[in-house]
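The structure appears below as structure tokens.
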Protein chains: 2
Amino acid sequence: MRDHGGNLDEAMRRYGGAPEDWIDLSTGINRIPYKVPAIAPDAWTALPGRAAEDALIAAARAAYGTDAPVLPLAGAQAAIQLIPRLSAPGRARIVAPTYNEHAAALRGMGWQVEEVATPEALAGADLAVIVNPNNPDGRRIEPARLLALLPLVGRLVVDESFADSTPALSLAPQAGREGLIVLRSFGKFFGLAGLRLGFVLACAADAAAFAQLAGPWSVNGPALQIGAQALADRVWIKATRSRLEAETGRMDSLASAAGWRFAGGTALFRLFETPDAAQAQAHLAQAHIWSRIFPYSRHWLRLGLPGSEDEWGRLGNALAKIRGV
Amino acid sequence: MRDHGGNLDEAMRRYGGAPEDWIDLSTGINRIPYKVPAIAPDAWTALPGRAAEDALIAAARAAYGTDAPVLPLAGAQAAIQLIPRLSAPGRARIVAPTYNEHAAALRGMGWQVEEVATPEALAGADLAVIVNPNNPDGRRIEPARLLALLPLVGRLVVDESFADSTPALSLAPQAGREGLIVLRSFGKFFGLAGLRLGFVLACAADAAAFAQLAGPWSVNGPALQIGAQALADRVWIKATRSRLEAETGRMDSLASAAGWRFAGGTALFRLFETPDAAQAQAHLAQAHIWSRIFPYSRHWLRLGLPGSEDEWGRLGNALAKIRGV
């Protein structure tokens, strides 16, 4: 399996401890999740029905600000698996470095994949992929700059898995245009990654193609119910945006005091430049705090946000000991 | 969308009533489900991890009686979506009539699909598909007769979605042989179709190909937990097999008294030959009992088993009124 965050099994194998001993900051998943409501018995027992799916789609449209076709899938990852099949393999370009599953899925289906450094370098590709804001460095590209690319590529995939805190950055209101595919993740911002829920926003023809490839009942019943409720909960969404914004500042201060340079991030994770990322990860792991480092960088270390004062305290202590390492 | 059971939304649109007014017998889903346990918070919040997946795989291997590679997917349907991609499109044969998604998925990926009447007629196909026991007519093919086909086809897919009550019929103990792909469904026998869980049993190379196509985290966290617990619950499995066997007899008697001829079935559904299937379905629907009829047959009507004495009573009353219709 490719290198990912969230592999706490691997952390425990190397550094010991039980799951409850660890603070997993290796992902960008919100550690103060949306409270799972009582699940309707039918959501478990029956095949997911049209009415439940329609309710989820309506909530997603309102939350993301689009009237375009919206297709729920089993996570943004499920969409990434299907994108290479929307057309015959050709030349894909991806703004890199970024989430490594895009390139892997495309290469696995016979696409020629070129990694480029700027959005403008996507021009000419049959399929162009950009993650916005980007993972892991948080780089943000304004919507107008991406829209200008639309006529210059076959399809433009904008992966907005980390855009929940920056709605002004989203191309969701532009979804429905031919050639534009917007991906949204549910589990990261709402802290329910185990649910497996994400969305494709696309023109009618592409949405229908995704639906055909995914087949019926691709999203589980509890996800339909929880997703519809959570996406409609404007109070929770607003409060969570405010909290995350405050906490990113707190995280950046802690890291700065440890001598790390802020290198970017989103509301759900922060990227730091460290003297030696592998050593920094090992140091945090001794305190049973799991972080993310990257095979292509000796210095980058990514941290999600702690979920409680106890977790903040443990992270602060571990970072204080790192100072000068 | 193709014609399926489970479309209660459609039933309500045509015949009124709220979901709680209806008895949905249009599927083969057990209406007395495995009791959903308390879900571990991590199952909702974290990305599904390797340890949870390994525990589920171990439980599935023990339950199905195989040491072969087992891959959990989001329902047997998820496997059906991927089968056409294991190799370049060629000539597929399917023993028909059967579950219509196999042919649809293959044709959608450019396969030439021929429907045949007997297992032996599968010989020569690049990909051969048989549902055993079959849906909707319950036809059962002995394992030896299927194994004899293995050298005569490119790949043999045996969809055992309804085999939980007939373990002696299963090819799971033979799984791992090159070219043999066995599909198992979790949601039907355990009555938890909303969970989206199924399994592929295959040789290592094919299992790896499925895993690559499905991508990471394709099964949700609660499904990993519930599936592992339920598949290891031998007491529940044994009691449910006994109950279903008794209840199929009760169903057949009711239908026979209504003048319908038993045409086949499994422990989870029964198929009857009626004078006019559309009329029979409409008659049951007036009593808010939803059944399944088939576009290719004017006489076949399929019924799942009621889940309570109240439901049995309502079905008995509705069938008594049908007598002679």
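The values are calculated or read from the model by the stated rules, or taken from the named source; none is laboratory data. Remember, predicted model here, so these are calculated numbers, not experimental data. Cβ coordinates were reconstructed from backbone atoms using ideal geometry, including for glycine residues, and neighbour counts include every protein chain displayed. In case anyone asks, the SASA skips ligands and DNA or RNA and just uses the protein heavy atoms, side chains included. Shrake-Rupley method; radii C 1.70, N 1.55, O 1.52, S 1.80 Å.
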Protein accessible area in region A:97-226, 1.4 Å probe - carbon and sulfur %: 55
Measuring from its Cα centre, region A:11-122 shows a charge dipole (+1 at each Lys and Arg Cβ, -1 at each Asp and Glu Cβ) which, in debye to the nearest 20, is 200
Centroid-to-centroid separation of region A:149-191 and region B:273-325 [C-alpha atoms, Å]: 47
To one decimal in nm, how far is A:ALA144 from the same spot in the other copies, if labels go 7 Å from Cα toward Cβ? Please give the shortest first. 7.8
Counting only protein heavy atoms and rolling a 1.4 Å probe, how much accessible area do B and A lose on contact, total for both sides, in Å² to 100? 3300
Once every Cα of region B:95-171 carries one equal point scatterer and solvent is ignored, give the base-10 log of I(q)/I(0) from the Debye formula at q = 0.19 Å⁻¹, two decimals. -0.77
For region A:48-103, which semi-axes, largest first and in whole Å, follow from the square roots of 5 times the eigenvalues of its Cα gyration tensor? 27, 14, 11
Once the Cα atoms of region B:140-294 are picked out, what are the Rg and Dmax in Å? 18.6, 52
Pull out the extension gain between A:ASP21 and A:ILE39, defined as 0.36 nm times the separation in residues minus the alpha carbon to alpha carbon distance; nm, one decimal. 3.6 nm
Over 21 Å between C-alpha atoms is what I'm after, so list which of B:LYS188/B:LYS238; A:LYS35/A:LYS238; A:LYS188/A:LYS238; A:LYS188/A:LYS321 land there. A:LYS188/A:LYS321
Using the Karplus curve 6.51 cos²θ - 1.76 cosθ + 1.60 with θ = phi - 60°, work out ³J(HN,Hα) for each residue of region A:93-100 in order, rounded to whole Hz, and write x for Gly and Pro. 10, 10, 6, 10, x, 7, 3, 7
Considering just Cα atoms, how many Å³ per residue does the convex hull of region B:226-265 enclose? 74
Stretch B:ARG145-B:GLU10 to full length: gain in nm at 0.36 nm per residue minus the Cα-Cα span? 44.6 nm
A correct Kirkwood calculation over the Cα atoms of region A:205-325 returns a hydrodynamic radius in Å of 16.9
For the protein assembly as shown, what is the accessible area per residue in Å², given a 1.4 Å probe and the full set of protein chains? 38
Region B:179-188 - phi-based ³J(HN,Hα) in whole Hz, Karplus 6.51/-1.76/1.60, Gly and Pro as x: x, 9, 10, 10, 9, 10, 9, 8, x, 6
Using a Gaussian network model of chain A with C-alpha springs under 10 Å, which one of A:ARG140, A:ARG107, A:ARG234 is most mobile by mean-square fluctuation? A:ARG234
Roughly what angle does helix B:204-214 make with the longest principal axis of chain B, taking Cα atoms, 0 to 90 degrees, to the nearest 10? 70
Got a sec? Which residues of region A:32-49 lose 20 Å² or more of accessible surface with every protein chain in place, vs. that chain alone, 1.4 Å probe? A:VAL36, A:TRP44, A:THR45, A:LEU47
Using amide H atoms built 1.01 Å from N in the peptide plane, name the residues 5+ places from B:ARG155, or on other chains, whose amide H lies under 5 Å from its own. B:LEU127, B:ALA128
Residue by residue through region B:309-320, which ³J(HN,Hα) values in whole Hz follow from phi under the Karplus form 6.51 cos²θ - 1.76 cosθ + 1.60 (θ = phi - 60°), with glycine and proline marked x? 4, 4, 5, 4, x, 5, 5, x, 4, 5, 5, 4
Based solely on C-alpha atoms, express the radius of gyration and the Dmax of the protein assembly as shown in angstrom. 25.9, 90
Among the Cα-Cα pairs of region B:145-205, the proportion with separation greater than 16 Å, in percent, is 46
With angles folded into 0 to 90 degrees, how steeply does helix A:277-286 sit against the dominant principal axis of chain A? Use alpha carbons for both and round to 10. 70
If one takes the longest principal axis of the Cα atoms in chain A, at what angle in degrees, from 0 to 90 and to the nearest 10, does the Cα axis of helix A:50-64 lie? 60
Estimated translational D of chain A in µm²/s (Stokes, Kirkwood radius over Cα pairs; 37 °C; 0.692 mPa s): 161
Inter-copy separations for B:GLU273, label at 7 Å along Cα-Cβ, nm, ascending: 8.0
Kindly provide log₁₀ I(q)/I(0) values, in the same order as q = 0.17, 0.19 Å⁻¹, from the Debye equation applied to equal alpha-carbon scatterers of region B:1-101. -1.20, -1.24
In whole angstrom, note down how far apart the Cα centers of region B:201-257 and region B:11-37 are. 19
Computed magnitude of the charge dipole of the protein assembly as shown (debye, nearest 20; Cβ of K, R +1, Cβ of D, E -1): 80
Normalise the Debye intensity by I(0) for region A:171-211, one equal point scatterer per Cα, no solvent, then take log10 at q = 0.27 Å⁻¹ and round to two decimals. -0.84
Please work out the Cα convex hull volume for region A:180-233 and give it in Å³ per residue. 88
